[in-house]
Amino acid sequence: MYSKTPKVLYEILGKPILSFVIDVAKEIKSNEIIIVVGKTAFEINKAIGHEVKYAIQPIPKGTGDAAKKGIDISAHGNVLILCGDVPLLKKETLTELLNHHQKMKADLTLLTCQVKNPFGYGRIVRDRRNNILTIVEQADATIEQQKIKEINAGVYYGRKKLILSALKKIDTKNRQGEFYLTDVIKEMLKKKKKVVGLKIDAEEEITGINSKMDLSRVREVVKKKWFEQLMAEGVFIEDPTTTNIDLSVRIGKFVHIRPHTLIEGKTRIKDGLTIGPFAWIKDGKRQKHKKDIE
């Protein structure tokens with residue numbers, strides 16, 4: 001990201017990336033939410049608060065080590081592992097994953113996705129019977145494996161004890177020199193445990209944010225859905241392209257938003273008002289017509 005700001009604290013319409021992930025975990029009624037943090041622990045704790053637990057990973061040793069740090073402090077028998085930089089995942093998809101896990105009586109279930117361009121993702125390697133054999137990371141994939149378009153979405157659900165047992169046996173013998181969470185699959189299959197996948201084709205949902213360009217693309221997706229919701233509720237956004245409205249903003253009925261308008265923070269727009277053009281409102285304040293804003 002080339003920034004001093006922790007990636008997961010970059011905001012999309014006023015909301016940190018990490019908060020999107022926390023919210024979807026809440027939506028599926030998670031009993032416990034644990035965030036694995038490293039050197040930016042203070043900033044993340046300050047932004048997110050104490051509604052979640054924190055596990056510390058002092059030295060970044062890979063996704064496997066991060067998962068172990070988080071699972072170690074979990075009080076539950078089953079754990080769901082999510083990526084903190086994947087904000088578009090839907091609760092319906094996670095619910096389907098959990099149901100699939102129960103239906104298949106699996107020990108571990110992972111979310112996979114068929115994508116157009118799999119570059120950079122771990123590839124799902126299957127046998128002739130369509131059973132998952134392993135996940136191969138981009139850096140370790142052969143030329144043939146790089147052609148595989150079913151990728152690992154980075155979402156796992158399974159039994160805590162079995163996952164921890166597998167995590168203790170993985171090593172750093174790979175090109176990155178890290179503990180790969182994906183190596184848990186190999187270890188569990190060695191022990192004849194049942195590992196299954198739920199494949200989706202909603203590529204947008206599993207988009208990870210690894211650059212400012214990724215952030216911009218995801219922001220447009222969130223903005224489009226948010227504006228569609230607002231306009232379905234009766235708000236007229238005259239020019240969505242030049243208008244930005246934070247997710248925290250509350251707008252009354254029959255409101256008209258003119259072009260080149262920016263509304264941020266804790267702002268409430270009363271019924272029947274016209275805002276803009278060329279207006280910037282933040283936390284309910286602007287230079288003129290303050291009586292219109294609560």
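The values are calculated or read from the model by the stated rules, or taken from the named source; none is laboratory data. Everything numeric here is computed off the predicted structure, so don't read it as measured data. Cβ coordinates were reconstructed from backbone atoms using ideal geometry, including for glycine residues, and neighbour counts include every protein chain displayed.
Couple of notes before you dig in:
- At least 3 residues being touching a residue at least 40 places away in the same chain (Cβ under 8 Å) is the threshold, and among the strands (runs of 3 or more DSSP E) wholly inside region 119-213 those reaching it are 132-136, 150-159, 195-200.
- For Lys7: the one exception among (1) out of contact with any helix residue (DSSP H, G or I) (no Cβ under 9 Å at 6 or more places or on another chain); (2) of a type outside the set (A, V, I, L, M, F, W, C); (3) in contact (Cβ under 8 Å) with a residue 40 or more places away in the chain; (4) surrounded by 14 or more Cβ atoms within 10 Å (Cβ to Cβ): (1)
- Residue within region 149-168 that is touching a Pro at 6+ places or on another chain (Cβ under 7 Å) and either outside the structural domain of Ile34 (by TED's automatic domain parsing) or under 17 Å from Ala202 (Cα atoms) (or both) present: yes
- Residue check, Ser248 at pLDDT 95 or above and either part of a loop (DSSP other than H, G, I, E, B) or touching a Lys or Arg at 6+ places or on another chain (Cβ under 9 Å) (or both): yes
- None of Lys103, Lys91 is touching a residue at least 12 places away in the same chain (Cβ under 8 Å) and basic (Lys, Arg) except Lys91.
- Glu43 fulfils the conditions (1) over 13 Å from the mean Cα position of the chain (by Cα); (2) buried (at least 16 other Cβ atoms within 10 Å of the Cβ) except for a single criterion, (2).
- Per this entry, Val255 is not counted among residues that are out of contact with any strand residue (DSSP E or B) (no Cβ under 6 Å at 6 or more places or on another chain) and either outside the structural domain of Leu94 (by TED's automatic domain parsing) or at pLDDT below 95 (or both).
- Note on region 2-107: enclosed strands (runs of 3 or more DSSP E) holding 3 or more residues that are at pLDDT 95 or above and under 26 Å from Lys199 (Cβ atoms) are 78-81.
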